[in-house]
1. Sticking with the crude label model, points 7 Å out along Cα→Cβ, report the distance from residue 31 to residue 17 in nm, one decimal please.
2. Above 15 Å lies some portion of the pair distances; for the stretch 1-53, what is it as a whole percent of all C-alpha pairs?
3. Could you order peptides 6-18, 33-45 by the average number of other Cβ atoms within 10 Å of their residues, highest first?
4. Simple spin-label model, 7 Å along Cα-to-Cβ: residue 44 to residue 6 in nm?
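Derivation of every value follows stated rules applied to the coordinates shown; laboratory data play no part. In this text the structure is predicted, and so the values were computed from the model without any measurement. Every residue, glycine among them, receives a Cβ derived from its backbone with ideal geometry; neighbour counts consider all protein chains shown.
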Amino acid sequence: MEFKCFDCQINFEGEGSKLEYMDPMYGPCSKIVAACPVCGSDSSEYRKPKPSKGASQPENSCPSYHNGSCSCCH
């Protein structure tokens, strides 16, 4: 698994262990953590951000946009 240490700002591969904790808003929770090889602090699993979809323009999303009556956009 890949982890990210926010103290050292590094990503590293490692074996994680389950950490259970009490969140004030959600109650009992758990996450996978691993010790950072540089500083030793608990580091959370790193998930790569999903690629963002291009900003949709009204002219691309509504076929009636080009003739001035965009009833599907309302």
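1. In this crude label model, residue 31 to residue 17 measures out at 1.7 nm.
2. Working: 710 of 1378 pairs.
For the stretch 1-53, the share of Cα pairs beyond 15 Å comes to 52 percent.
3. Details: 6-18: 12.2, 33-45: 15.8.
Ranking, from highest mean packing down: 33-45, 6-18.
4. Reported label-point gap for residue 44 and residue 6 is 0.5 nm.
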